[in-house]
Every structure is written in structure tokens, then in C-alpha cells.
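Before any comments, here is the structure.
The values are calculated or read from the model by the stated rules, or taken from the named source; none is laboratory data. All values derive from a computational prediction rather than experimental measurement. When we count neighbours, we look across all protein chains shown, and the Cβ atoms used for this are built from the backbone with ideal geometry, even at glycine. Keep in mind that these areas ignore ligands, DNA and RNA; they rest on the heavy atoms of the full protein, side chains included. Shrake-Rupley method; radii C 1.70, N 1.55, O 1.52, S 1.80 Å.
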Number of protein chains: 2
Amino acid sequence: MARIVMKFGGTSMAGIERIRNVAQRIKHEWGQGNEVAVVVSAMAGETDRLVNFCREASSLYDPREYDVVVSSGEQVTSGLLAIALQAIGVPARSWMGWQLPIRTSDGHASARIEDIETGALLESMGEGGDGREVAVIPGFQGMALGERVATLGRGGSDTSAVAMAAAMKADRCDIYTDVDGVYTTDPRIVPRAQKLSKVTYEEMLELASVGAKVLQTRSVGLAMKENVRVRVLSSFDDIRDEDGHRGTLIVGEEEVDMERQLITGIAHDKNEAKITLTDVSDRPGAVAAIFSPLADANINVDMIVQNVAHSTGATDVTFTVPKAELARALDVLEKGKDAIGYSQMIHDTKVTKVSVVGVGMRSHAGVAAAMFKTLGDRGVNIQAITTSEIKVSVLIEEDYTELAVRVLHTAYGLDAPDAAE
Amino acid sequence: MARIVMKFGGTSMAGIERIRNVAQRIKHEWGQGNEVAVVVSAMAGETDRLVNFCREASSLYDPREYDVVVSSGEQVTSGLLAIALQAIGVPARSWMGWQLPIRTSDGHASARIEDIETGALLESMGEGGDGREVAVIPGFQGMALGERVATLGRGGSDTSAVAMAAAMKADRCDIYTDVDGVYTTDPRIVPRAQKLSKVTYEEMLELASVGAKVLQTRSVGLAMKENVRVRVLSSFDDIRDEDGHRGTLIVGEEEVDMERQLITGIAHDKNEAKITLTDVSDRPGAVAAIFSPLADANINVDMIVQNVAHSTGATDVTFTVPKAELARALDVLEKGKDAIGYSQMIHDTKVTKVSVVGVGMRSHAGVAAAMFKTLGDRGVNIQAITTSEIKVSVLIEEDYTELAVRVLHTAYGLDAPDAAE
């Protein structure tokens, strides 16, 4: 017998027919004698509908009231799933965030989970009481100070599931989604991409932060911190597949086979825009004059390149910001032109960040060099570079995205061996 | 300064544009220095959508989970209205049923309100704290035993509003709806129907129970018990109309002008069906044999007529049941045929109950006689009769409905005097 958290996303909960399928999956786990808690998202599209209502009501909406409105989507699917489970003979009940409670920080609309009370929950899930109930918990929500409803920010249901698993000391947190696991790269670009059976938390963090959409970054960080075994798998797979072989397990480094590939995956991210300021004075404090006002405006700067100073004593500074923040960033920098002191501000949205990720990089030199050579050989120009301990990212022209991902996937030996080209 | 509860129904809350209009009406009351609590329904159609989800998930849904699902509609409109109020400079916050809390009985899906805690609410609405907040409360919901969400049954938001007004000792409970008050009869049938400026609780109860759709019967009963001054008015009227002259006030008998019309209104109800059992033995216990099994099956019998026994020692018994229960009633009576002992069972759904209502009836004999004569003169055949202290109802053939309502409206002097025929 194991204690399991199962999480189902909006696509899996979109309509009663799919909710019934989800109920069957849960029955399968519960029927094996497991204690099961389920975390659900709202029906696909519902949260957008509710967010739009709030925006329409006022562009400056009160985040506490926004939370009341948008948390209703998960409330609905929780109740419906409990009903669907009961209908197939599985005892079940819903637990709202305020009922457990799931206590959060006061940061409405993007709250952090601080504490989860699991006493009553575990009792209802165990052999005592009315007998082994499945607990259905709306994702994305909790209760902040003053007993106000709080939500965790978009995609927060993954985080809810991992936090529940940590609080319940669950043996596993299964995240059901519309893909069947984590791949070496986007299979739509590289048909020979391979599903990974295991990745480490850190690799998953890097992959998630550079565009692999499988899991929300925050949830991976939390899983790493709390050492929760997370499995990503598809809610559309055949339910009878042998359980052990499905999906991708996200675990600590000690569980991953050290003999495997140097590089785990190639990710790409088209959500960044590039800004270049020319002829910035090469004096102390000049760079701070650029980035402090951006930080004050809550704009996240990612890649930064500062060229060697020209003979004139001035330099060009290039960096990236999220595309959604570009207009605000340009505005901030325009206003700061005198304080910073630059000649021209140039921006470009037709760029992609391509990253290679892998814990194997720690013990192997030359990964970055191989990446630059591979891209250079195919005529792909690199506009900016950032590295971390287990990741190298380059910024390239958007039109070269697929080419770059494909040649890197091949170069690092990630192509599936048994498929025909 | 007054303390006011304002209640807005689903039509008034259908979409952000209408919610904004509602916010303006609230600002108008609040701006005059009043303490304002608002009770809202879900957007028109939303509760039906949610109820259908539950039915689709399982015909035997758990009412506790049903309540979790359907209560979300009012949660959404509460949050949105608070946002819309803030956007026009009116401090506001939503209070869910569990936050106040509004404590209810354990009868999920049709719970009764037992107790409302108003301490924090009144503080937020008063001069203390952050200053005179408008409280927005989702109608139709509360919290039952074990901190489970409970709903009050369809149309329960009127009851929520009256219960809030009673708990807060409000000066007035204004129910905004899509009609501008209570009329002497349905204006679609009698264009010369007049809006009543005042009706008594008892009259409103009788009118509501015989087909006037303005207010939910339960809410009127509660208003009478708690002596809450209720006003029914339209949320589509011009907001600048002089407040005192709008809508219909529902109050105690002592406030109503005793010199007014004998009869307050004429109502009709097409939701009943007639059943006749022929040749029932005229012995003690025969009638009980008919009505006990119907009561056991929770079928509400309204009008009952038992004819004088034939010379054979048998009698015909006629009664009405709600059309929605007809099939079940026929089934119960078919099964009980031997126990009851009747020859034939005949039913008819093409009937209407027409009622005249008025507290003036108490001190005036002859109201019923005048009714029967008026109908008889026009050739309307009466199939059954029931009376209460302030109401006379007759069952007639459905095709005569409009004729009967019109001639009675004229006969009791209710036609507006200033309109041309």
C-alpha cells in the first residue's frame, strides 16, 4: 500500500466525460489499496474566462476579490470529480483550501503555500472513519490571513499537488497531463526525440525555466526542496499500461544512472526579446544605471552581454526581457536615457533562446564549446550566451530555431537509435 | 442614515455591464451615508449550467458535493461586484457564506439558515475600521455542520437577503428584480393592472404561493416572522427616481391603509393537475387511504373536493397535485387501487387555479359568492374550490384563464381608473 497524490490538469478535467475517465484512473490506484488524494485544475478555458471577467470589471482589480472569483473553477471540478467517483463506487469528498486549511502567504493572486493541515484529511483517507475516502482537493487555492481565499498564480495546481504530497509524506506525486512524459526535446521539432524515464530536479528546473512546458517551475523547486518523488504522465494513456514504465520520474540526483547521456535535453524558448543599448559609457555604475530601474519596475532581465569597450571608451550592452514586458522595459529605459547615457536603443523580438541541459555537464568540460561549434558549422549566429552549472543557453535568430534544436539533438547523441531517419 | 440590504437577481448580474449598473445603484445608496450589505445571485443561466454538470456526473449526486459545485456561481458574482464597486470608488469586500459564517441546517441542497454571525460584517460596514465598506454576500449559500458548504435550494437568494436583513436589524431589504413591483394581476393579461405600493406579508405569501413569481415564498414567510420591511423594485428603473415612490413595499398589516380595496390581487397558477377517483367507498378511512400514501411519497396535494355520496354509498374524490408530480402520483394511486377501492382514475392537466387575495376579506363577507357569480355569469365552470382566511381559489378549465382573470379584476374594482379601455 502506498500513499499517492494524483494531479489532473485542465485538459483532463474539460467536461464530464473526461472527469469520468479521471475517476476511472483514480479507482485503479485506489482499488490496489492505496491511499489517494487528488488535486484538480479547473476545466480548460475556465480560469481564462474568470480572469477576463475580473479584468473587464476593472483593470486595477483587487487581488483578494480576483482570488474569490478565479478559485471557483477548481471548486467546481473538485465537487464534480467527487460525484463521479461516488458514482463508480469509490467513497470520495472534496476539501476546499479553506476547509483543510491550506494556509498561504498574504500575496493574493500569487500566494505561496506556508502550511497544510492534514489531520482530518489523512483520517478520511485511512482505514478509520467511514472507510478509505479519496480526498479531492482544488489546486491553485488556499487561505491567507484573515481567512481570505488566496490563489497561487497561474499554473499553481502543480505546486498544490507537490505541496500536498510533501505535507502528507506521500510516496509519490503523479502529475497527469496531456503529454506522456518529459522528452529530450520537443517531438514536434525532432521526431526522434526520446522520452526520459528519469530526470533530476535540477534538470527539470532548468528545462522548465527555458521553455519545456511540462511542469510549472515553482512546483519543481518545491519538489526538490521537499524531496517529493514526482512522476509526469499522460491522462490519455491506456490505463492498463504497466504502472512502473509510464511517464517520467523526477527525482534526486542519487537516483539517476550516472552512466547516461551527458546532456539530458534541448529546450527552446521564444518568449524573450532582445534589447541593445549602444555607446554606453564604460564607467563604474553605468550598468547599474540600466538594470536598477528595470528591477524596480519588476522586469526580469535574463541574458546579459557586455562587449569589450570600444576605443572610444564606450560599450554596447545587450540583454533579454520577457516579450510581455518589452513595452514597459523600453519605456523605463527611454525615461532613463540621460541617467544611463547611451546613443541608441535597438530591440528585436525575433529571437529564440536555445538551451542544452544536463547534470552530466558538471563532470565534463567542453559542452559549451561543442555547442558553439555545432551551431557555427551550420551557420547559426550566436547573439548572446548564458551558462549555469548544468545548462548552456544561446540566443539566436528565431528563423534558425528548428535547425539549431535538431543539430544539437543529433550532436549530443540524443536521437532515438531505433527509428528510421 | 439607514442600514439597508440590497438583493440583485440573476438577470441583474448577467454580465459585467449589468454588474457595473448594479454597482452604480449601490453607490447611490451608499453615497447617502447608508450602511449597505448586498446579496447577489449567480449570473442568469449559471446555476442551471452547474446543476446540469452535477446531473451529468451522476443522477444520484451527493448533495454535499452538489452544494460545492453550484455555490460557485454566487461566489463569482460576489467577487466581481466587489471589484466593480472599488472601481467606482466604493470600498467593498465579499464575504462567503463560510467566512461570516451563515450557519445552516444539515439539509444539503435545501438547507435552512439557522444563524448568521454579523459582528465582523457590521464593523466593516460601519464608520470604524477601514471606513464604511459595502459588504457583498453570495446568496443561496451557507455553511452546514462539519464546515461543509450548503445551499438553500433554488431561488434561495431572496431568503438569504431577508435573513441577512433580520440578522443585521436592517431598516429595509430591497429586492431588485426584473419587474418594478407587485401588481394587482399579471399585466400581460390585464393591461389595466395596477402596481401596488404596499401589500401585507400574508397577501404576498398567498400571491407567491398561487403563481405570482415576484418573490420566493420562503423569503416572504421569513420576512413576516422576522418583521423585515421588504421592498420589491426593478434594477432597470431610472436610478434617479424618487426613492420613496418606487416598487412595492411588503410590510405588516398595521402599516397598510385599511380603506383600500377589498381585494389586493388576482393570481393564476397553471402548475397543477387534477386527479379524480370515482366511486370511492363513503366509509371512514377511505380518504386517508388516498392521501396517506401520497404524503408518504412527498407529493403535495392542494385542492380537495369530495362530493356528497351517491345513493350507492360511494363518492367521487377530486384533488390537485403539482404537474411535475403527476406521474408519480398516478403511480402511487394505481398501486393503492385495492386498498383505496375506486372504479376509475381520471386526470386532467388542462386546468388553472385562479385566486383572489386580500386581507380586506377578513372583515367582508360575500367575496367568494361574488367570485362564483362573476365567473358563472361568463360561463366559466368551477371544478374545485379552496379558501383561506385571505384567499379564495377556484380550479377552472385552462382555456378560460385570461377571461376569468380579466372579469375578476374588473369585478373587484382593480382596473386602473385613468387608462382608456
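Just so you know, in segment B:268-288 the residues that are of a type in the set (G, A, S) and crowded, with 17+ Cβ neighbours inside 10 Å include one that is modelled with the highest pLDDT, and it is B:A273. A:R103 falls short on exactly one of the conditions (1) assigned to a strand (DSSP E or B); (2) within 10 Å of chain B (Cβ to nearest Cβ); (3) among the charged types (D, E, K, R), and that condition is (2).
Would you check if there is a residue in segment B:186-203 being in contact with a Cys (Cβ under 6 Å, 6 or more places away or on another chain) and either of a type in the set (S, T, Y) or not in a strand (DSSP E or B) (or both)? Even if it seems obvious, please write down each step before you answer.
Filtering segment B:186-203 down to residues in contact with a Cys (Cβ under 6 Å, 6 or more places away or on another chain) leaves none.
No, that holds for no residue.
Quick one: is B:L249 outside any loop (DSSP other than H, G, I, E, B) and modelled with pLDDT of 85 or more? Don't jump to the end; show me each part of the working.
Details: outside any loop (DSSP other than H, G, I, E, B): yes; modelled with pLDDT of 85 or more: yes.
Judged against the criteria, B:L249 is a match.
Yes or no, residue by residue, for (1) among the aliphatic types (A, V, I, L, M); (2) more than 30 Å from A:V199 (Cβ to Cβ):
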site	(1), (2)
A:T312	no, yes
A:V317	yes, yes
A:K335	no, yes
A:S343	no, yes
A:K353	no, no
A:R362	no, no
A:V367	yes, no
A:F372	no, no
A:L375	yes, no
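The condition of being of a type in the set (A, V, I, L, M, F, W, C), crowded, with 16+ Cβ neighbours inside 10 Å and assigned to a helix (DSSP H, G or I) holds for B:A370.
Regarding segment B:359-372, can at least one residue be identified that is of a type outside the set (A, V, I, L, M), touching a Ser or Thr at 6+ places or on another chain (Cβ under 9 Å) and within 20 Å of B:P322 (Cα to Cα)?
Let us first name the residues in segment B:359-372 that are of a type outside the set (A, V, I, L, M), namely B:360, B:362-364, B:366, B:372.
Narrowing the set further to residues that are touching a Ser or Thr at 6+ places or on another chain (Cβ under 9 Å) leaves B:360.
In the following step, the residues that additionally are within 20 Å of B:P322 (Cα to Cα) were identified as none.
Checked against the condition, which is being of a type outside the set (A, V, I, L, M), touching a Ser or Thr at 6+ places or on another chain (Cβ under 9 Å) and within 20 Å of B:P322 (Cα to Cα), segment B:359-372 yields no hits at all.
Note on segment B:23-36: residues that are more than 11 Å from chain A (Cβ to nearest Cβ) and either open to solvent by less than 50 Å² (accessible area, probe 1.4 Å) or more than 18 Å from B:A170 (Cα to Cα) (or both) total 9.
Determine whether B:V5 is in a strand (DSSP E or B) and either closer than 19 Å to B:V232 by Cα or at pLDDT 95 or above (or both). Judged against the criteria, B:V5 is a match. Where helices (runs of 4 or more DSSP H) fall wholly inside segment A:9-78, the ranges with 2 or more residues that are under 22 Å from the mean Cα position of the chain (by Cα) are A:46-57, A:63-70.
Please go through segment A:349-396 and pick out each residue that is charged (D, E, K, R) and in contact with a helix residue (DSSP H, G or I) (Cβ under 7 Å, 6 or more places away or on another chain). Please lay out each step first, then the result.
To start, the set of residues in segment A:349-396 that are charged (D, E, K, R) comprises A:350, A:353, A:362, A:373, A:377-378, A:389, A:391.
The answer is A:K350, A:R378, A:E389, A:K391.
Residues in segment A:47-56 that are more than 7 Å from chain B (Cβ to nearest Cβ) and either more than 16 Å from A:G153 (Cβ to Cβ) or in contact with a Pro (Cβ under 6 Å, 6 or more places away or on another chain) (or both): A:R49, A:N52. In the set B:A44, B:A111, only one residue is more than 9 Å from chain A (Cβ to nearest Cβ) and within 20 Å of A:W95 (Cβ to Cβ); that residue is B:A111.
A single entry from A:V39, A:V76 fulfils the requirement of being buried (at least 22 other Cβ atoms within 10 Å of the Cβ), under 21 Å from A:S110 (Cα atoms), of a type in the set (A, V, I, L, M) and free of Cβ contacts under 8 Å to residues at least 40 places away in the same chain: A:V76. For segment B:384-406, the condition holds for no residue, the condition being that it is open to solvent by 30 Å² or more (accessible area, probe 1.4 Å), part of a loop (DSSP other than H, G, I, E, B) and β-branched (V, I, T).
Counting only residues that are crowded, with 16+ Cβ neighbours inside 10 Å and in a helix (DSSP H, G or I), which one in segment A:106-130 is farthest from the chain's Cα centre (by Cα)? Taking the candidates together, the pick is A:S124.
Is one or more of the residues making up segment A:208-230 farther than 30 Å from A:R64 by Cβ, open to solvent by 20 Å² or more (accessible area, probe 1.4 Å) and part of a helix (DSSP H, G or I)?
The first filter runs over segment A:208-230 and keeps only residues farther than 30 Å from A:R64 by Cβ, leaving A:210-212, A:214, A:224, A:227, A:229-230.
If we keep only those that are open to solvent by 20 Å² or more (accessible area, probe 1.4 Å) too, we end up with A:212, A:214, A:224, A:227, A:229.
Still in the running and part of a helix (DSSP H, G or I): A:224.
Scanning segment A:208-230, I find at least one residue that is farther than 30 Å from A:R64 by Cβ, open to solvent by 20 Å² or more (accessible area, probe 1.4 Å) and part of a helix (DSSP H, G or I), so the answer is yes.
Considering the conditions (1) at pLDDT 95 or above; (2) under 30 Å from A:L122 (Cβ atoms), A:N52 is excluded by exactly one of them, (2). Would you be able to say whether some residue in segment B:138-149 is part of a loop (DSSP other than H, G, I, E, B) and open to solvent by 40 Å² or more (accessible area, probe 1.4 Å)? Within segment B:138-149 (the criterion being part of a loop (DSSP other than H, G, I, E, B) and open to solvent by 40 Å² or more (accessible area, probe 1.4 Å)), the answer is no, since none of the residues qualifies. Filtering segment B:289-316 to residues that are aliphatic (A, V, I, L, M) and either outside any strand (DSSP E or B) or open to solvent by less than 40 Å² (accessible area, probe 1.4 Å) (or both) leaves B:A289, B:I290, B:L294, B:A295, B:A297, B:I299, B:V301, B:M303, B:V305, B:V308, B:A309, B:A314. For segment B:57-70, does any single residue satisfy the condition of being acidic (D, E) and either more than 9 Å from chain A (Cβ to nearest Cβ) or open to solvent by 20 Å² or more (accessible area, probe 1.4 Å) (or both)? Looking through segment B:57-70, none of the residues is acidic (D, E) and either more than 9 Å from chain A (Cβ to nearest Cβ) or open to solvent by 20 Å² or more (accessible area, probe 1.4 Å) (or both). Close Cβ contacts (under 9 Å, 6 or more residues apart or on different chains) running from residues in segment B:85-96 that are without any contact (Cβ under 8 Å) to a residue 24 or more places away in the chain and within 9 Å of chain A (Cβ to nearest Cβ) to residues that are in a loop (DSSP other than H, G, I, E, B) and open to solvent by less than 50 Å² (accessible area, probe 1.4 Å) comprise B:Q86/A:S58; B:Q86/A:D62.
To keep it simple, each residue is scored yes or no on (1) out of contact with any strand residue (DSSP E or B) (no Cβ under 6 Å at 6 or more places or on another chain); (2) of a type outside the set (D, E, K, R).
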| position | (1), (2) |
| --- | --- |
| B:R3 | no, no |
| B:N21 | yes, yes |
| B:R25 | yes, no |
| B:N52 | yes, yes |
| B:Y61 | yes, yes |
| B:R64 | no, no |
| B:E74 | no, no |
| B:R93 | yes, no |
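The one condition from (1) within 28 Å of A:M1 (Cα to Cα); (2) touching a strand residue (DSSP E or B) at 6+ places or on another chain (Cβ under 7 Å); (3) of a type outside the set (A, V, I, L, M, F, W, C); (4) open to solvent by 10 Å² or more (accessible area, probe 1.4 Å) that A:G181 does not meet is (4). Does segment A:154-172 contain any residue that is in contact (Cβ under 8 Å) with a residue 60 or more places away in the chain, crowded, with 21+ Cβ neighbours inside 10 Å and in a strand (DSSP E or B)? No, there is no match, as no residue in segment A:154-172 is in contact (Cβ under 8 Å) with a residue 60 or more places away in the chain, crowded, with 21+ Cβ neighbours inside 10 Å and in a strand (DSSP E or B).
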